[in-house]
Amino acid sequence: MTEAATNDVAVLLSIGRHPVSGRARRAATDAQALEMALALRPKRLTAIHAGPAADADALRAYLGMGLERLTVLVLPEDADPVEPLIAHLRRLAPSLVLTGRQAEDGEGSGMLPYLIARGLEAAVVSDVVRIGPSDAPDYSASMTDLVQALPRGQRRALTVTGRLIATVHPSAPPARASAFGPARRGVIEPVAAQATADLFLSECEHRPWRPKPKLMRVKRGGSALDRLKAATESKSGKGQLLVNPTPEAGALAIYDSLVEQGMLP
Amino acid sequence: MTQPSPIRPQFRRRVDPRAERAARTVLTGQRPRLLRQPVAAAVNERRRDPRALRAAALIQSQPRPRYDWTRDAASAGTAAAVGIAVATVPAIPLQVIVEPAYLVLAMLDRPGGEVSEHDRQVIAAARLLADAGGGAVVTVCTGSGEALAEAGSDRHVALPDGWADDYVPERRAAAASALMTTLSPRHILFPDSPDGADVARRVATTMGERLFAGVQGLGPDRATRQSAGGSLETGHRPTRLMTVAADAFAPLDGVRHEARPLDLATPVIAGEEVLPRLGGARRLAVDPDALSLSETDFILSAGNGVTDWRSFADLGEALGATRAGSRVVCDAGHLPRERQVGASGTLVSARCYLAFGIAGAPQHLQGITGVRHVIAVNTDLHAEMIKRADLSIVADAQAVMPALIRLIRERRHD
């Protein structure tokens, strides 16, 4: 019998940025990805970070979650981490790669999982909240069951065949706290890597973000009276009104209205 | 003091003393003479008679005068007698781009078949790029383009209905890539929604293009987005592939474009040549009470008029709705604090809100401004909630709730 897909897991970890203080920290969804990987209890768990070596101190928070060692692909400043990561993952050949949905610092375009999936010829699924080996009746070892978060709190179950890159949604199980002792004892292994500079990012110009005015939904056009009505009057008088119906008649009206809105089958 | 009569008396004709004097003046003779008898006064066309205008605009005098200033003064006399003014809708001129210099593609989500606010914003952003150089906006989504004409779409590519109902991001990305090669547009915009962002990134990887994600500001030669966790603004000239952040652009209003169906030589959907690696997608049942109020779609809410809490809980279970309450209910401890709707609780944006025994304090109505369909059950006919609701039932909540539970159980067993 072949091994289940969740037995060989790699986690891609980045250095986060606190939204208020701007200090380096463990990235929130990356930590949740590591939590998910630790909860799977894989036979082999590899944690990889790609970036400048000077930032390595912030990575100890991940080691404090129970990792023994963390591989750092040492890149120069402003280098594109995609190619070194693909090259490293090709050597490791994990069956499942977990990572956060978007970096908290740097470009933060959310493209990295997709580019790595193309490099590894793997499937990519975004916004995963639960993952596990498949329990389908036509079980094969290369299939993985996962649950994806949708807007409005909805959930969708999926089955994925073959190698998988999954990004983790913020509503996944919360990351465990980082302990100081393991964080000190954990080993950070620097690995030299070849990388090219990101030309697109050097073309971009950066300036501090200034909050923009909130988009107001004002009704334009029409007369001043129409605009005043739209701005001041709440929708009224258009609804249906039943005065003192019998409870059954009232319940029937509510039921019909809910069916019409698609809230009841 | 005498009480003024509620009905205004007939107004006197407005006097123009200079014109009357000029009419009475006889200039023949040695010096001008003034006639005693007034001659019919010459009407000065340019002189406004505000009283006549006001009388013409009066559409209702009881219980208080109401005026409609939208009608023009010429036809006012006849319309005032009827009392109903039919506002003429000014025709919005149709804007046609016959020979577009280039194309801007807007790949819309259109969730559930209706054009969402985010879709309109994407079209508005695409118009910014298209109008700068005489280009045309091509919208791509399921369904017909008629609803998109007033959002600003010049051309429309209709995808077959229901082909993307299941979760098939690989197929959607393949269709978008195929359109990119056949139409060779200058820019392609996606909404930065969960689905749109996923497809955009898949397209960017297959086409080997750089994606400029979450565009917040857009001009013909500069696009900006947030980076470094929202602390930096990154600017670049508009790239080929971009996703448009939510609520960054105002949707267009008062425009009409043609949204003409675009003839494509090759079909968009290139069969099943992509081997789907994702499969077996199915929605999971979600416990409605585990959802937060801000993200749930269907809320059952209780106010001070509810005393039968067992029925309320049963009804929530039978409907599959998230339970919530007004401030009074949460203060009294009938529901936890995070279940409070209103200004000091949660501002909800559910699609349907079923309220039992809620009078509708302004703070509560503020919390439900984003709700599309409101059903209210209350004993007070004059409550604000009754005015706000789309279906209002003046009845006791304790009587209606068990009747509704019985009805749902009956229908379910049928």
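Worth a mention:
- Summed over the range B:287-321, residues that are within 12 Å of another protein chain (Cβ to nearest Cβ) and in a strand (DSSP E or B) total 3.
- Of residues in the range B:387-407 being within 7 Å of another protein chain (Cβ to nearest Cβ) and assigned to a helix (DSSP H, G or I), the one surrounded by the most Cβ atoms within 10 Å (Cβ to Cβ): B:L404
- Qualifying residue in the range A:178-185 (condition: out of contact with any His (no Cβ under 9 Å at 6 or more places or on another chain), modelled with pLDDT of 90 or more and within 8 Å of chain B (Cβ to nearest Cβ)): no
- Matching option when the condition is within 30 Å of B:P238 (Cβ to Cβ), assigned to a loop (DSSP other than H, G, I, E, B) and modelled with pLDDT under 80, among B:I92, B:I97: B:I92
- Which numbered condition A:L92 misses (of (1) touching a His at 6+ places or on another chain (Cβ under 9 Å); (2) aliphatic (A, V, I, L, M); (3) under 19 Å from A:A33 (Cα atoms)): (1)
- The residues in the range A:158-216 that are part of a loop (DSSP other than H, G, I, E, B) and among the polar types (S, T, N, Q) can be counted, and the count is 4.
- Filter result for A:S126 (within 28 Å of B:M242 (Cβ to Cβ), among the polar types (S, T, N, Q) and under 13 Å from the mean Cα position of the chain (by Cα)): yes
- Unmet requirement for B:E146, which otherwise passes all of (1) acidic (D, E); (2) surrounded by 12 or more Cβ atoms within 10 Å (Cβ to Cβ); (3) at pLDDT below 85: (2)
- Where B:D166 falls short, out of the listed (1) part of a helix (DSSP H, G or I); (2) surrounded by fewer than 23 Cβ atoms within 10 Å (Cβ to Cβ); (3) in contact (Cβ under 8 Å) with a residue 60 or more places away in the chain; (4) not small (G, A, S): (1)
- Entry remark, the range A:231-265: residues being modelled with pLDDT under 90 and acidic (D, E) number 2 in total.
- The criterion of being touching a helix residue (DSSP H, G or I) at 6+ places or on another chain (Cβ under 7 Å), at pLDDT 90 or above and surrounded by 23 or more Cβ atoms within 10 Å (Cβ to Cβ) holds for A:A50.
The values are calculated or read from the model by the stated rules, or taken from the named source; none is laboratory data. Predicted model, so just to flag it, every value in this text is computed and none were measured. Note that each Cβ is placed from the backbone with ideal geometry, even for glycine, and that neighbours are counted across all protein chains shown.
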